[in-house]
Amino acid sequence: MNIRGILLAAALGAAAVASAAPARRAPTVTATGIRLNAPWKVKLYALAHSRFRHPAWGWQHSERDYRLALRIARDDHLHVDKDALFAAAFLHDMAAFQPCADRKMEHGACAALQSPAILKRIGFPMRKIAIVQQAERGHMYYSTPGRDPTAIVLHDADSLDFLGDIGAARMIALTGAKAPSFAPAVKTLRKFLTVIPPRLITPSARRIGRRRVAQLKAFLAALQRQTYDGRAM
């Protein structure tokens with residue numbers, strides 16, 4: 001066989017191997033081990049990873065909210081709809097990436113307006129959409145989630161993600177490279193210490209909240225010392 005024949009045979013062999021290789025499988029679990037046990041969850045998680053990328057309210061925040069909400073539900077023996085909770089957790093801040101036409105609309109209400117079309121397209125069980133929308137509307141600490149357990153646990157989980165070390169990381173990350181100081185973020189964190197804990201609804205969230213408040217207070221106290229009583233912040 002001449003050199004041309006050898007090269008052709010090698011190319012054909014490589015093509016055969018490539019065609020026989022299995023296609024890349026979609027993930028079966030999330031980054032922290034949440035089971036993606038339905039095709040629509042796989043699609044929603046992929047959407048969040050590709051479009052909802054932000055240090056404060058990107059897909060990582062959604063993943064933490066979902067896991068913490070399940071923990072609250074388990075500890076307080078609340079029956080929640082896990083499908084609706086998963087959908088609301090990963091779409092509740094979508095207005096940060098896809099704003100509504102009415103820019104004055106509260107972002108939870110905007111998510112409730114926009115998410116049904118996305119969920120219908122990916123095969124979500126739409127009989128549960130009202131639960132998703134209620135959880136989206138009521139997720140912020142200043143919102144009233146109503147009486148549905150799914151909305152309540154998302155509200156408390158989302159509120160807790162503003163406290164503790166993770167709350168500090170999120171708020172300071174928002175400062176950005178062009179800001180002259182991160183003092184405004186610190187001011188916001190001090191506000192959270194007083195306004196968020198009274199808005200927590202479930203007993204387990206209040207217990208977690210007390211620990212996270214202590215963490216955040218310790219962080220802010222150390223920061224105050226290390227910035228020369230805030231004068232070099």
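Every number here is computed from the coordinates shown, using simple stated rules; none is lab data. Everything numeric here is computed off the predicted structure, so don't read it as measured data. Glycine also receives a Cβ, built like all others from the backbone with ideal geometry; neighbour counts cover every protein chain displayed.
Listed values for the range 146-155 are Karplus-derived 3J(HN,Hα) couplings in whole Hz (6.51 cos²θ - 1.76 cosθ + 1.60, θ = phi - 60°), namely x, 9, 6, x, 5, 5, 5, 5, 5, 4, and x replaces Gly and Pro. Model label points for Arg127 and Lys187, set 7 angstrom from Cα along the Cα-to-Cβ axis, are 5.1 nm apart.
Give the longest segment of the chain that steers clear of chymotrypsin sites (Phe, Trp or Tyr not before Pro) in DSSP loops with at most 15 neighbouring Cβ atoms within 10 Å, not counting the sites themselves.
On the way: sites that count: Phe97, Tyr142, Tyr228.
Between exposed loop sites, the widest span is 1-96.
For Asp165 and Thr194, what is the calculated FRET efficiency with R₀ set at 25 Å and r taken between the beta-carbons, to the nearest 0.05? Kindly include the intermediate steps, with their values, before the conclusion.
Numbers: r = 18 Å, r/R0 = 0.74.
E(calc), rounded to 0.05, equals 0.85.
Express the relative contact order of the range 162-233 as a whole percentage, based on alpha carbon pairs under 8 Å and six or more residues apart in sequence.
Contact order relative to length: 39 percent.
Put a dot 7 Å past the Cα of His54, heading toward its Cβ, do the same for Ala101, and the two dots end up 2.2 nm apart. In order along the range 61-66, the Karplus-derived 3J(HN,Hα) couplings, from 6.51 cos²θ - 1.76 cosθ + 1.60 at θ = phi - 60°, round to 4, 4, 5, 4, 4, 4 Hz, and Gly and Pro are given as x. Excluding same-chain neighbours fewer than eight residues apart, the lysines reachable from Lys217 by a Cα-Cα span under 18 Å are Lys187, Lys191. Restricting attention to the range 31-148, lysine pairs at least eight places apart or on different chains and with alpha-carbon atoms under 21 angstrom apart total 9. Taking each residue as 0.36 nm, the span from Arg207 to Thr28 lengthens on full extension beyond its C-alpha to C-alpha distance by 61.2 nm. On full extension, the segment bounded by Lys178 and Asp75 gains 32.8 nm, given 0.36 nm per residue less the C-alpha separation. Considering only trypsin sites (Lys or Arg not before Pro) in DSSP loops that have at most 10 other Cβ atoms within 10 Å, the longest stretch of the chain without any of them is 26-102. Local charge for Ala56 was computed over the other residues whose Cβ lies under 13 Å away, with Lys and Arg +1 and Asp and Glu -1, and equals -1.
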